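Here is the structure we will look at.
Computed from the coordinates by the stated procedures, all read-outs in this text should not be read as laboratory data. Quick caveat: nothing in here was measured; it's all calculated off a predicted structure. In this analysis, Cβ positions are derived from the backbone assuming ideal geometry, glycine residues included, and neighbour counts consider all displayed protein chains.
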Amino acid sequence: VELQLGKMPIHDVIAGAVGLAIGLILANLLGYSFAKIPVVGDYIPVIFSIVFGYLGITITIKKRRELTGLFDFVPRFMKDFAKMREMRAAPDAAPEESAKAAPTADAHAYKLLDTSVIIDGRIADICDTGFIEGTLLIPVFVLEELQHIADSADALKRTRGRRGLDILQRIRQSTKVKVEITNVDFDDISEVDSKLVRLGQQVGGKIITNDYNLNKVAQLRGVEVLNINELSNAVKPVVIPGETMRVTIVKSGKEPGQGVAYLDDGTMIVVENGNRHMNESITVEVTSALQTAAGRMIFAKPAH
């Protein structure tokens, strides 16, 4: 029991203790009512204590976030009450001062970065635009993984790791987003992605990633995810059938006669009978567009 408690987060231990207390109180109330039954009356309180104590622990730990959410109105009520008192105490306050006192978005809403999204580099450009609100939280175990990759004997991994460290330094020097480093670690978990999900649960933050598997695992465990691949697909220009564009055929497609071109944002264009125009810049007419998990794909044919 001591070993298991040592592995559990403190908020789970507190929730379990509260649930155990509630379960034992209910067991005592019900057990007293059944204690006078002949023969089995002496055993019923013990059974109730075991069953209700166990249910109290498991239910409060699993439903901790939902249960604490029921009491979120208390700090909001106290905050609104304090604001009303301030307004009554200073009724002649200037409109500008009232605007300054108005609540803004939570500055401590944490966004957690995983290793892959840091190495990817696009997150730095997104931060520069000012679209990221709140605080970027960089766990120490992510930094250690980046350092491990940067020190790898493999040249490609070493380059990726150093790029990630450079991107992280650029983000920290940005004036449009606040960055914090946390030393929180989970010794009972070996995988960095699993640690990141656990930290997201602990701080109530969102994970920014471009890792498809981490995206799914985090969502299954109740952690919100911001996937920059989905963001990139969402802001790509929309094309409609009949629209024309100028492209350069760079390689052959999977089907006979097909040619493949790419837009500046990386969108693949499959051109019917485009193979005959290899390495040529031609005007094509869009016939259809397909949205896939990997991104948007456009089908076209040479314009006549």
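Net charge around residue 258, counting only other residues with Cβ within less than 10 Å of its Cβ (Lys, Arg = +1; Asp, Glu = -1)? Don't jump to the answer; show the numbers that get you there.
On the way: positive: 251, 254; negative: 255, 272.
Neighbourhood net charge equals 0.
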Flagged as over-length at 31 Å C-alpha distance, from 176/236; 157/216; 63/176; 63/157; 62/216; 206/254, the pairs are 63/176; 63/157; 206/254
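Take the alpha carbon atoms of the range 2-69, find their radius of gyration, then divide it by 2.2 N^0.38 Å using N residues; give the quotient. Can you show the working numbers first?
Values: Rg = 14.3 Å, N = 68, 2.2 N^0.38 = 10.9 Å.
In units of the 2.2 N^0.38 Å rule of thumb, it is 1.31.
Considering only the other residues whose Cβ falls under 14 Å of the Cβ of residue 165, what net charge follows from Lys and Arg at +1 and Asp and Glu at -1?
Working: positive: 157, 158, 160, 162, 163, 170, 172; negative: 120, 144, 145, 151, 166.
For residues surrounding residue 165, the net value is +2.
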What one gets for the range 148-230 as the Kirkwood radius, inverse of mean 1/r over different Cα pairs in Å, is 14.5
